[in-house]
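Only one structure is covered here, and it is reproduced in the block below.
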Amino acid sequence: MAAREVYWHLPGFCYFKLLNQVIINLMKENPDKFREGYRIGSVYGTFPGAIWNGGRVVFGIAGKRDIETTLKTYNSKGVPVRFTWTNSLLQEKHVHDTYCNLIMRFADNGLNQVLVNTPVLEEYIRREYPNYKLISSTTKRITETGGVLGELEKDYFLVVLDYDLNHDEAVLKAVEPYADRIEILVNETCFPGCQKRSEHYAQQSRLQLEFDVNTPYPCPNKSSLRSFAECMKRPAFISNEEIGNYIDRGFVNFKIAGRGMPEDYVKESCLYFLVRDEHRDFIRGRVDSLLKQLRSAQQAGARR
């Protein structure tokens, strides 16, 4: 494996906030127990209730203090927060949303990032918030070589590869000259080649816009086991043994999926990809212990 820095992008900066904090801190405190050269490139997701959010619907609301505290938690460690502004049904009227613009103003410090997939929002962000790094989202479902190359010709910081292309040698070879601007999703649980994926993204976008908390999506994948062990059997999965080959070819940005998944799925994904094999049990124990301590402290604070 080439000696270079490799960036990992973790899910759920709000929902998995405690887990992400623990992982980031342990990597700093125990660098010898994590894989050499690995860094946290960003934490992605949304503040609850933001209508620009896409991919996975997230309901609720975050107050000003919560937003500022969460941003500081990551940014103070040099970790960018990346917003999943990938709602595929946005119109011009939605770009003026007060809450989403409030979030953007609070996070407008030149470090943070935005995932996009609709021209109307992308153009608005480029105009009103030029300090943000923009990233082309996998939710665009671009599955042909020409389409991927077209995205790379645009002014995107990164382009997230559709995970159906993870092992497509023709595509990988074609984009290799831009490898350092490609981000690869390594542990998706969705069925390969799912014909309903774009429809599902659109449905999640509609639910987010309409604050519809009661309409499920008849996903054919929903009834199957969604564990990390099962994910490892999927064709799109990239193992640790394979990742070295990607890195040697210049691919240095890898995304860990997990929005909408149980915390244990994200934890085991992080342990597998980030931690050296011989230290995994030790780090798992530290993660579990620290999470327990943090949650106990939260509960104690809530009772005061």
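The values are calculated or read from the model by the stated rules, or taken from the named source; none is laboratory data. Note that this is a predicted model, so its numbers are computed, not measured. Here the Cβ is made from the backbone with ideal geometry for all residues, glycine too, and neighbour counts use every protein chain on show. Ligands, DNA and RNA are excluded from the accessible area calculation, which covers all protein heavy atoms including side chains. Shrake-Rupley method; radii C 1.70, N 1.55, O 1.52, S 1.80 Å.
Structural remarks
- Taking every protein chain into account, the 1.4 Å probe leaves S76 with about 80 Å² of accessible area, to the nearest ten.
- Fraction of the pair-distance distribution of segment 194-253 above 19 Å, Cα-Cα pairs, percent: 56
- Distance (nanometres) between label positions extended 7 Å along Cα→Cβ at L149 and E210: 4.1
- For the set K17/K133; K154/K255; K196/K255; K140/K255; K267/K292; K133/K267, the pairs lying more than 18 angstrom apart at their alpha carbons are K17/K133; K154/K255; K196/K255; K133/K267.
- Most fluctuating residue given options N20, N117, N101, as computed from a GNM of the chain linking Cα atoms under 10 Å: N101
- Length gained when the stretch N240-E176 is fully extended (0.36 nm per residue, less Cα-Cα span): 21.1 nm
- Within the accessible area of segment 1-135, the carbon and sulfur atoms contribute 49%, probe 1.4 Å, all protein chains present.
- Solvent-free Debye calculation, one equal scatterer per alpha-carbon of the chain: log10 I(q)/I(0) at 0.16 Å⁻¹ equals -1.53.
- Cβ-based net charge around M232, under 13 Å, with every Lys or Arg adding one and every Asp or Glu removing one: -2
- D (Stokes-Einstein, µm²/s), Kirkwood Cα radius, segment 184-304, 1.567 mPa s at 4 °C: 75
- Here D108 sits with roughly 50 square angstrom of accessible surface, probe radius 1.4 Å.
- The residues neighbouring N187, those whose beta-carbon lies less than 10 Å from its own, together hold a net charge of 0 under the Lys/Arg +1, Asp/Glu -1 convention.
- Estimated [θ] at 222 nm from DSSP helical runs (n ≥ 4, -39500 (n - 2.57)) normalised by residues in the chain, nearest 500: -12000 deg cm²/dmol
- Loop-located GluC sites (Glu not before Pro) across segment 1-106 with a Cβ neighbour count of 15 or fewer within 10 Å are E5, E36, with loop assigned by DSSP.
- Inter-site label distance for D97 and D66 at 7 Å from Cα along Cβ, in nm: 1.5
- Stretch gain in nm, segment R126-S289, where the contour uses 0.36 nm per residue and the Cα spacing is subtracted: 54.4 nm
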